[in-house]
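Asker: Take a look at the following structure, please.
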Amino acid sequence: MRKCLAGAWILILLLASCSSEHTKDKKQHMIFRYNELGVVSSLDPAAASNFENIWAVNQLFNGLVQMDDSIHVRPCIATSWEQSPDGLTYTFHLRTDVYFQDSEVFPDGKGRKAMASDFAYSFERLFDKRTSRASDLLDYFDRDDSEGKKGFNAVNDSTFQVHIRNPFPAFLGILTMKFFSVVPHEAVEHYSTDFARHPVGTGPFCFRTWKEGQKLLLIKNENYFEKENGHALPYLDAVSISFIHDRESAWLNFLKKNLDMISGFDAFNAKEVLTPNGELKSMYRNRFMLQSQPFLKTDYLGFLIDDVPGDSKPNPFRNKFLRQAINYGIDREKMINYLRNNIGTAAVNGFVPPGLPGYDNSKVEGYAYNPEKAKQLLYLAGYPDGKNLPEINLYTTKQYLDLAEHIRFQLSQIGVRILINVVEDGAFREGVANSKMNFFRKSWVGDFPDPINFLALFYSGNFSPHGYNYTHFRDQRYDHMYEQALYEKNDSIRKEYYYSMERIIVSEAPVVPLYHDRVVRLVQNNITGLNVNAMNMLNLKNVKKID
């Protein structure tokens, strides 16, 4: 077998024995270690729907195209592509030097060349809902089994075509998502449903071991096709992912340099580590680096404006004035200042986050803190000073308890009484998706860099549980503009649709946009080549670890 397997057991032994004192081993082998507070549930790209899975999958698999750190679409396995004059067909020209990683599923354990037919196979399996989490994205493909339309086809070994129903300028961005990675049919057929735990891809690292809840180990792919300035990638020998779910324990391991990175505002005690302005405190500045930049992510409170199944009581959030009052009753700036050390931006200009190419949030006037206006709206809602308004349940997870407490206190000042319900993560997701919770804290992370990805949360065709319109917001004007924007080729006209849609969301208030987040990572000083981007994608192929 190739070198991808050759040093595996040596590295496993090293990882088992490595600690901050074993400097000799660290000089010989570049092993990047990061901790995952969440849970990796699958290494199948078809199921890469959350960050924990996506980060690991990104090291193992490649697609036709990829996103660079400026969130522009760049070549990957496809070296180039053309779009037909009608905008409905993309023709991709593939590299001929890309091989699947060595695996027992291939003859003699030696990985074979990846071809256009492999992309056709990989895309086809996305339409199996038992396997795929990409169902909401597949409507873009021009697929009709009755007419023999698949939505894609392999023209020859190195040419792959994708056909879409309507012109959509952001479609290439969708193809950068890990769902659309190439996988070999031999591995899927051999492992069946267990492919999620025995992944075989073309990426810079190969899967080696996974002890769920404890450690995931990836080994350098010696035959990886990408290069940097003529040098073969990746530079690292291995990537070791730990699953220390206690924040303080992970933090202590980072301080001891047993971890090279911890990621996320919730991964450490911000009050201890950061100044009120979101910078590293002086005591830490020479010990490690802070990486931070705007993140295409919006945290919000959602109102279910439909009936709650099985609840005979009327849903107060059918009342638009009440929803607007709550929007005016929360001081977002204070929330960012006191709870998040100025990490993030108050969402006072609508739902779509700043930083998307060509999008101007200043054209949308959202909700600034105005308790007097909130009280006026409560009066119009039929609840003067909150009288006759029953206590409202706000559903959240323990991770956001401090945020919920802040919201509870602020709304009490205008007469709205909040009862906080802390729910386990899985039950929370199920409750929101199935309309069991009529007031909930949620967030949305951009899947691809276009405002339509955020605005899709309010399209009636995306009603949960089959889609991600968790509020069950419906508006004919909004739906019409959403559909027009999908087909509009002119950037200026399409952006005007976006602005108009956001203004409807502000007016009808199915959500309370709270803040737009920032990517936050703490990284050891001896790490180079680890870049940060607005999609918060973790790319380790260019990373080096300096002695």
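The values are calculated or read from the model by the stated rules, or taken from the named source; none is laboratory data. Model, not experiment: these values are computed from the prediction. All Cβ positions, even for glycine, are placed from backbone atoms using ideal geometry, and neighbour counts span all protein chains on display.
Asker: If you take the residues in segment 136-179 that are among the polar types (S, T, N, Q) and in contact (Cβ under 8 Å) with a residue 12 or more places away in the chain, which one is surrounded by the fewest Cβ atoms within 10 Å (Cβ to Cβ)?
Answerer: Asn156
Asker: Let me ask another. Could you list, in sequence order, all residues of segment 362-374 that are more than 14 Å from Arg332 (Cβ to Cβ) and either surrounded by 16 or more Cβ atoms within 10 Å (Cβ to Cβ) or of a type in the set (A, V, I, L, M) (or both)?
Answerer: Val364, Lys373
Asker: When you go through Val57, Val105, Val98 one by one, which is the residue that is farther than 21 Å from Pro234 by Cα and either in contact with a Ser or Thr (Cβ under 6 Å, 6 or more places away or on another chain) or touching a residue at least 40 places away in the same chain (Cβ under 8 Å) (or both)?
Answerer: After ruling out the rest, the residue left standing is Val105.
Asker: Of the residues that make up segment 250-268, is at least one outside the structural domain of Asn531 (by TED's automatic domain parsing), more than 23 Å from the chain's Cα centre (by Cα) and of a type in the set (Val, Ile, Thr)?
Answerer: No, that holds for no residue.
Asker: List the residue pairs whose Cβ atoms are under 6 Å apart, where the first residue sits in segment 309-323 and is closer than 15 Å to Leu378 by Cβ and touching a residue at least 24 places away in the same chain (Cβ under 8 Å), the second is surrounded by fewer than 17 Cβ atoms within 10 Å (Cβ to Cβ) and of a type in the set (A, V, I, L, M), and the two are 6 or more positions apart or on different chains.
Answerer: The qualifying pairs are Phe321/Leu380.
Asker: Does Pro167 meet the test of being of a type outside the set (D, E, K, R) and under 18 Å from Val57 (Cα atoms)?
Answerer: When the stated conditions are applied, Pro167 does not pass them.
Asker: Checking the conditions here, which among Ile527, Ile546 is hydrophobic (A, V, I, L, M, F, W, C), in contact (Cβ under 8 Å) with a residue 12 or more places away in the chain and in contact with a Lys or Arg (Cβ under 7 Å, 6 or more places away or on another chain)?
Answerer: Ile527
Asker: For Gly446, which of the numbered conditions (1) at pLDDT below 95; (2) surrounded by fewer than 17 Cβ atoms within 10 Å (Cβ to Cβ) fails to hold?
Answerer: For Gly446, the failing item is (2).
Asker: Can you pull out the residues in segment 255-297 that are among the aliphatic types (A, V, I, L, M) and in contact with a strand residue (DSSP E or B) (Cβ under 8 Å, 6 or more places away or on another chain)?
Answerer: Leu259, Met261, Ile262, Ala267, Val273, Leu274, Leu280, Met289, Leu290, Leu296
Asker: Here are some residues: Ser132, Ser117, Ser122, Ser80. Which one is in the same structural domain as Pro199 (by TED's automatic domain parsing), part of a strand (DSSP E or B) and among the small types (Gly, Ala, Ser)?
Answerer: On inspection, the qualifying residue turns out to be Ser80.
Asker: With the requirement that a residue be in a loop (DSSP other than H, G, I, E, B), touching an Asp or Glu at 6+ places or on another chain (Cβ under 9 Å) and surrounded by 20 or more Cβ atoms within 10 Å (Cβ to Cβ), what does segment 87-101 give you?
Answerer: Within segment 87-101, just Phe100 meets the criteria.
Asker: Is it the case that Asp517 is in contact with a Ser or Thr (Cβ under 8 Å, 6 or more places away or on another chain), assigned to a helix (DSSP H, G or I) and of a type in the set (Asp, Glu)?
Answerer: no
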